[in-house]
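Data first, discussion second: the structure below is written as structure tokens.
The values are calculated or read from the model by the stated rules, or taken from the named source; none is laboratory data. Given the structure is predicted, the values throughout are model-derived calculations rather than measurements. Counting neighbours? That spans all protein chains shown, and the Cβs are built from the backbone with ideal geometry, glycine included. Quick note on the areas: whole protein, heavy atoms, side chains included, nothing else; ligands and nucleic acids left out. Shrake-Rupley method; radii C 1.70, N 1.55, O 1.52, S 1.80 Å.
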Amino acid sequence: MSRFYLTTAIDYPNGVPHLGHAYERLGADTIARYRRLRGDDVQFLVGMDEHAQKVAQSAEAEGLPPQEFVDRMARVFQDTWDKLEIGYDVFYRTTDPRHQAGVRALIERIYARRPDDFYEGVYEGWYCVGCELFKREADLVDGTCPLHPTRILDWQTERNWFFRLSRYRDQLRRHHAEHPDFLQPDTRRNEVLALLESGLEDISVTRGRLGWGIPWPRPLSTGEPQTTWVWFDALPNYLTATGFPGEGDRIRWPAQLHVVGKDITRLHCIIWPAILAAAGLPLPERVWAHGFALFKGQKLSKSAGVAFTVDEAIGRHGPDAFRYILLREIPWDADGGFTWERFDERYTADLADAFGNLVSRVLAMLQRYRGGVIPEAPETPLDRAGEAAVQAYVAAMDALLLHRGAQAAWDLVSEANVYVDRRAPWGQAKAGDQAGLDETLGALARALARLAGLVSPFLPRSAAKLAAALGLEDPARSSAAWSTTTTPRVAGHRARQIPVLFPKSPEPT
Ligand code: MSP
């Protein structure tokens, strides 16, 4: 059994989860579910990045102490992930004392191994609280941060601890060259390679004024205490969540996959590996930088104020539909968007008409013509289409192209619907062609058994219902789920009818 430790970025809880947060969690959860289906021992980490200035500001605006505010937000985030069936194993928070101790241990480890990797210096520059980053003049558009145009930039000058990032440039270039998969997709990899080519500046890793954060373990030579810069606190969450510096890290670390948005690749593919290299720890195996989810053509974020709530999206056609439609509509390797119109079209075409209808038809015919017992029957062209769909699905999902994985499963849905129409089992029944009817119904039942597995990472609830209807275990809980998907054996199973999976005029779920 292979271990598969995957993480998402940890969210700033300065507002309720938005579409972007949901999109990333859904994609990562779909990968986690796919890896479990393939039999991996998966550990899926999500969490919150709580020590951000903007979090402290939001707490202040609500008149709450920051800790109380983040405790409240943690419930909101977890509730949202539960509603979306995000099957995380650990919900991790940077205010967790184990994390705080782990970050301090990591910093001390660097001081011990590479004493001159940290040095004191003066930093002066524009600080964007939205990004929690210093910005160079060249990064600004009309004097504002292009990612957070509504925020006023702060000019900050202070004496801080610096991290000697520049030292790691060659090592990082080598690592990227030797491991072309380290950062994917290629568009993102090329951006990071270009940054490495243009050179690396050292970075300031502490703040003087901010009290909300992890105390940096060493004061400045002036005796002034420092607080850890939020990214030097956040990035190590992936490591401290495994128990670092305790035993656990040796079991789970390094991560097999970090899933992050395209706006934070520099942090994950330059700064984070440099920190790990300084500490003498292995680098994560892979980083996947997905694109941005746009709603009605706009980036969703609290500061942009675009109205969209996860509850509204779930309320429309239930959590499964939201999961599938979002991941099908927005390619996992690029930006993409949707509108409610498009959402409803996909619902009707792919879920109600194509998939839901196929399930209802086949289950009804099994009942009507065979009293619910799935007949033993020879292989048909539909089985070969099923094998081809599994192959295309695996290639897409292994390459983390989730939209293509969904497409491969729906290709089989279409093939099966065409097969029903071509074979016209009602005609076979009427003509008394029992062998032909067995062949048709057996092939269709096997296609449904395959589909229960293939769709399960996208539609976990519906897949469980479909599997149960075929006398199979929930693919999310069965160790045989993958072999059932590749080689379905359902002859002799008693199938039963179930309520329509995706009603045309949906009742609220
Ligand atoms: N706290 C940092 C991450 C620290 S990871 C050690 C952060 N937080 S965030 O709340 O701003 O974003 C969390 C994740 O959501 C990031 O990966 C970000 O790219 C992603 N998204 C935020 N808005 C997005 C969209 N509109 N679309 C898709 N994902 C985007 O960055």
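Overview of results
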read-out: Summed side-chain charge close to R477 - residues other than R477 whose Cβ falls under 12 Å, Lys, Arg +1, Asp, Glu -1; value: 0
read-out: Where trypsin sites (Lys or Arg not before Pro) fall in DSSP loop in the stretch 395-494, at most 12 other Cβ within 10 Å; value: R477
read-out: Additional length obtainable on full extension of the chain from Q57 to Q171, 0.36 nm per residue less Cα span; value: 37.2 nm
read-out: Efficiency of FRET between E473 and A194 - r from beta-carbon atoms, R0 41 angstrom, step 0.05; value: 0.25
read-out: The stretch 446-489-the stretch 90-151 distance, computed between alpha-carbon centres (Å); value: 44 Å
read-out: The chain - Debye-derived log10 I(q)/I(0), Cα point model, q = 0.12 Å⁻¹; value: -1.07
read-out: Computed E for A435/A395 - FRET, C-beta separation, R0 25 angstrom, nearest 0.05; value: 0.10
read-out: Rounded to the nearest 20 debye, dipole of the chain from Cβ charges on Lys, Arg, Asp, Glu; value: 960 debye
read-out: The chain: angle of helix 97-113 to the longest principal axis, Cα-based, in degrees nearest 10; value: 60 degrees
read-out: For the stretch 1-50 and the stretch 196-219, distance of Cα centres in Å; value: 27 Å
read-out: GluC sites (Glu not before Pro) within the stretch 1-63, DSSP loop, no more than 14 other Cβ atoms inside 10 Å; value: E62
read-out: Cα gyration tensor shape for the stretch 43-193, rounded if a/c is under 1.5, else prolate or oblate; value: rounded
read-out: Share of carbon and sulfur in the accessible heavy-atom surface of the chain [1.4 Å probe, %]; value: 50 percent
read-out: Separation in nanometres of the label points that stand 7 Å from Cα toward Cβ, at K504 and R422; value: 2.7 nm
read-out: The chain: angle of helix 66-83 to the longest principal axis, Cα-based, in degrees nearest 10; value: 20 degrees
read-out: Rounded tilt (10° steps) of 381-398 against the dominant C-alpha axis of the chain; value: 0 degrees
read-out: Rg over Rh, two decimals, the stretch 323-458 (C-alpha only, Kirkwood Rh); value: 1.03
read-out: Of all DSSP beta bridges in the chain, antiparallel share, percent nearest 5; value: 50 percent
read-out: Environment charge of R167, counting only residues whose C-beta is closer than 15 Å and scoring Lys/Arg +1, Asp/Glu -1; value: +1
read-out: Sum of side-chain charges, T144 neighbourhood, beta-carbon under 13 Å (Lys, Arg +1; Asp, Glu -1); value: -2
read-out: Expected 222 nm ellipticity per residue - DSSP helices of 4 or more, -39500 (n - 2.57), all of the chain, to 500; value: -14000 deg cm²/dmol
read-out: Loop-located GluC sites (Glu not before Pro) in the stretch 398-485 whose Cβ has at most 13 other Cβ within 10 Å (DSSP); value: none
read-out: Simple label model, 7 Å out from Cα along Cβ direction - T222 to A349, nm; value: 6.3 nm
